[in-house]
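Take a look at the structure set out below.
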Amino acid sequence: MWLILAFMSAALLGCYDSFKKEALKDNAVIPVLFLNTLFSSLIFLPFIVLSSTTTVLDGTILHVGSGGWEVHKYVVLKAFIVLSSWVLGYFGMKHLPLTIVGPINATRPVMVLIGALLVFGERLNVWQWVGVMLAVASFFMLSRSGRKEGIDFKHDHWIYMVVGSAALGAVSGLYDKYLMAPVSEGGVGLDRMLVQSWYNIYQCGMMLAMLLLLWWPKHKDTTPFHWAWSIVGVSIFLSTADFMYFYSLSLPAAMISIVSMVRRGSVVVSFLFGAMIFREKNLKAKAFDLALVLLGMVFLYIGSK
């Protein structure tokens with residue numbers, strides 16, 4: 001069941017990336033990201049209210065657990081990590097082709113494995129090392145594909161932002177493992193709905209501060225903001241994808257390494273959107289680079305069984 005949920009989350013994430021690309025087209029990044037966090041918060045606010053004031057959701061998968069600062073301090077840190085990743089990713093996504101951003105994001109499982117190696121002392125087997133090397137090779141080949149479109153991976157700061165976003169996303173994945181793992185296994189054992197509901201609300205507060213302090217004073221001199229219904233789509237697809245992700249991790253025997261790899265399969269969906277909807281260029285070379293990433297994920301999957 002947890003693996004099926006991971007695949008469903010991956011498909012929705014691909015739609016999320018595609019709607020995000022459309023929402024950012026000729027649009028100001030900070031207000032778009034603020035609205036995304038706002039709509040995501042509004043989606044989960046009723047569950048928080050109903051869980052704290054009634055017994056309607058008791059015993060259901062939508063019930064939001066309660067807790068004081070000893071619990072919420074972990075969620076605030078989660079919100080900060082994810083929002084930092086999003087800010088970098090949104091700016092990079094706006095200025096780069098979706099068929100470049102997707103494969104870079106697909107290398108997150110490799111970063112998670114390296115993080116597990118450094119933080120949790122895990123050892124990689126031969127299969128996993130092959131997967132890592134394939135992912136590294138695909139990254140270098142992707143840089144060659146990008147050069148044909150005038151994108152220099154060594155000097156393009158948008159590329160650095162996307163890589164930074166992917167790295168922080170990997171940190172978030174490792175942190176999720178810590179948050180969801182039972183106390184008996186060295187984790188915090190947090191309620192998954194509490195984490196997802198409240199980290200959206202904390203992110204919304206952080207983005208409101210950024211909107212008022214950083215964007216609004218200079219908004220007349222920067223890219224203007226315009227409304228697009230794709231902004232709502234971003235929040236809906238992301239919230240649903242994350243719900244399935246957290247639900248998957250909460251189930252017995254769920255493995256963060258496998259779930260993380262499956263979720264990166266979202267790149268196939270976003271790549272197809274980039275090819276068919278956004279009409280991006282140099283698709284044959286990028287498709288080969290993407291195939292290397294996916295092959296690397298297969299090796300990681302085999303090595304993690």
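Which value in nm describes the separation of the simple spin-label points at Lys148 and Leu117, placed 7 Å from the Cα toward the beta carbon?
3.1 nm
How big is the Rg/Rh ratio for segment 115-255, C-alpha atoms only, Rh by Kirkwood, two decimals?
Working: Rg = 19.5 Å, Rh = 19.0 Å.
Reported Rg/Rh, Kirkwood definition of Rh: 1.03.
Sorted by average packing, counted as other Cβ atoms within 10 angstrom per residue and highest first, what order do 235-243, 101-109 take? Each step should come with its number before you reach the end.
Details: 235-243: 20.8, 101-109: 27.0.
Sorting 235-243, 101-109 by mean packing, highest first, produces 101-109, 235-243.
How much length is gained on full extension from Glu185 to Lys25, taking 0.36 nm per residue of separation minus their Cα-Cα distance? Write out the running numbers ahead of the final one.
Working: separation 160, 0.36 × 160 = 57.60 nm, distance 4.47 nm.
Fully extending the segment from Glu185 to Lys25 adds 53.1 nm.
What is the extension gain from Asn282 to His157, computed as 0.36 nm multiplied by their sequence separation minus the C-alpha to C-alpha distance, in nm to one decimal? Could you put the intermediate results ahead of the total?
Details: separation 125, 0.36 × 125 = 45.00 nm, distance 2.12 nm.
Difference between extended and current length: 42.9 nm.
Work out Dmax and Rg for segment 80-169 from the C-alpha atoms and quote the Rg first, both in angstrom.
Gyration radius and largest Cα-Cα distance of segment 80-169: 13.8, 40 Å.
Please give the contour-minus-distance gain from Ser66 to Leu295: 0.36 nm per residue of separation, less the Cα-Cα distance, rounded to one decimal in nm.
Working: separation 229, 0.36 × 229 = 82.44 nm, distance 4.19 nm.
Extending this stretch completely gives an extra 78.2 nm.
For the chain, what is the relative contact order in percent, using Cα pairs closer than 8 Å and at least 6 residues apart in sequence?
42 percent
Would segment 245-305 count as rounded, prolate or oblate if I go by the C-alpha gyration tensor, calling it rounded below 1.5 in a/c and otherwise prolate when a/b exceeds b/c, oblate otherwise?
On the way: a/c = 6.14, a/b = 1.84, b/c = 3.33.
Note, shape of segment 245-305 comes out oblate.
Out of the total accessible area of segment 204-288 (probe 1.4 Å, heavy atoms of protein only), what percent is carbon and sulfur? Could the numbers behind the result be given before it?
Details: 3270 of 4510 Å².
Answer for segment 204-288 is 72 percent, counting heavy atoms of protein chains only.
Percent of accessible area on segment 67-189 owned by carbon and sulfur, 1.4 Å probe?
67 percent
Which whole DSSP H helices in the chain pass both tests: a Cα extent of 20 Å or more along the axis and a mean Kyte-Doolittle value no lower than 0.0?
Helices meeting the criterion: 2-23, 29-53, 69-95, 126-147, 157-180, 192-210, 230-250, 283-304.
Nearest 0.05, what FRET efficiency do Lys220 and Phe7 give at R0 = 51 Å with Cβ-Cβ as r?
Calculated value: 0.65.
Just the number please: accessible area per residue for segment 234-300, 1.4 Å probe, all protein chains included, in Å².
Computed with neighbouring chains in place, this is 41 Å² per residue.
Report, to two decimal places, the Cα Rg of the chain normalised by 2.2 N^0.38 Å (N = number of residues).
Scaled against compact globular proteins, the figure is 0.99.
The values are calculated or read from the model by the stated rules, or taken from the named source; none is laboratory data. Computed from a predicted model, the values in this text were never measured in an experiment. Note that each Cβ is placed from the backbone with ideal geometry, even for glycine, and that neighbours are counted across all protein chains shown. For the accessible areas, the whole protein counts, side chains as well, though only heavy atoms, and no ligand, DNA or RNA atoms are used. Shrake-Rupley method; radii C 1.70, N 1.55, O 1.52, S 1.80 Å.
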